[in-house]
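Right, one structure below, let's go through it.
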Amino acid sequence: MSRRILVVDDPPTMRRLAASTLRAAGYEVVEAEDGQAGLDRLVEIEIHAVVTDLNMPVMDGLTMTERVRTNPHTSAMPVLMVTTGSSQEMREKGRIAGATGWITKPYAPHKLVSSVRRICQ
C-alpha cells in the first residue's frame, strides 16, 4: 500500500504541482486549500503525512501543525512545512509547532520527494 500524503497550500497551482510531483513518485495524494480544510481531511480519510504551506488564509500551517500535534489520533504524524521564508526564527516557530521537516520554496521536485521519503520512514 502506498503512503497517502495530504498537501495543504492555498494557491491551486502550487498545490497541484506538489501533488503531481508526489503522485509521480508513487504516493497517493489528498489536497486541501488551507489549514482548516486540511484538518477536516485528516478526520475524513487515513493520512500518513502532511505537506503544508506556512502562510495561508483561514488557518496557517503553524496553527494546523499545532492542532495535528494536540490530537491523539494524529500527534505522531509527520508534518513537512513548505514556505518561502527561510529565516532561523521561522524555522524555530515551525519546530516549536511540531514540524518534522522544512523545505523552502522554490524547491526542485526531487527535493520535495526526498523530504517526504525522509519524514515517512
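The values are calculated or read from the model by the stated rules, or taken from the named source; none is laboratory data. Note that the structure is predicted; figures quoted are calculated from it, not measured. Virtual Cβ from ideal backbone geometry, glycine too; neighbours counted across all protein chains shown.
The figures follow:
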read-out: Filtered residues of segment 66-97 (kept if touching a strand residue (DSSP E or B) at 6+ places or on another chain (Cβ under 9 Å), at pLDDT below 85 and not hydrophobic (A, V, I, L, M, F, W, C)); value: Thr83, Thr84, Gly85, Ser86, Arg91
read-out: Yes/no for Gly35 being farther than 14 Å from Ile5 by Cα, of a type in the set (Gly, Ala, Ser) and in contact (Cβ under 8 Å) with a residue 24 or more places away in the chain; value: yes
read-out: Condition met for Ala25 (of a type in the set (A, V, I, L, M), under 13 Å from Leu112 (Cβ atoms) and surrounded by fewer than 20 Cβ atoms within 10 Å (Cβ to Cβ)); value: yes
read-out: Search result, residues across segment 1-39 that are in a strand (DSSP E or B) and basic (Lys, Arg); value: Arg4
read-out: Search result, residues across segment 31-49 that are surrounded by fewer than 19 Cβ atoms within 10 Å (Cβ to Cβ) and either β-branched (Val, Ile, Thr) or within 21 Å of Val113 (Cα to Cα) (or both); value: Glu31, Glu33, Val43, Ile45, Glu46, His48
read-out: Odd one out for Thr83 among (1) exposed (fewer than 12 other Cβ atoms within 10 Å of the Cβ); (2) under 11 Å from the mean Cα position of the chain (by Cα); value: (1)
read-out: Some residue of segment 47-55 being over 19 Å from Glu92 (Cα atoms) and among the aliphatic types (A, V, I, L, M); value: yes
read-out: Residue match in segment 1-14 (condition: under 15 Å from Cys120 (Cα atoms), of a type in the set (D, E, K, R), modelled with pLDDT of 95 or more and in contact with a Phe, Trp or Tyr (Cβ under 8 Å, 6 or more places away or on another chain)); value: yes
read-out: Qualifying residues in segment 90-121 (those that are among the β-branched types (Val, Ile, Thr) and assigned to a helix (DSSP H, G or I)) - the one surrounded by the fewest Cβ atoms within 10 Å (Cβ to Cβ); value: Ile96
read-out: Among (1) hydroxyl-bearing (Ser, Thr, Tyr); (2) touching a Phe, Trp or Tyr at 6+ places or on another chain (Cβ under 9 Å); (3) crowded, with 18+ Cβ neighbours inside 10 Å, the one test that Thr52 misses; value: (2)
read-out: Number of positions in segment 40-65 that are under 11 Å from the mean Cα position of the chain (by Cα) and not in a loop (DSSP other than H, G, I, E, B); value: 9
read-out: Residues (in a helix (DSSP H, G or I) and either hydroxyl-bearing (Ser, Thr, Tyr) or in contact with a helix residue (DSSP H, G or I) (Cβ under 9 Å, 6 or more places away or on another chain) (or both)) located in segment 66-89; value: Glu66, Arg67, Val68, Arg69, Thr70
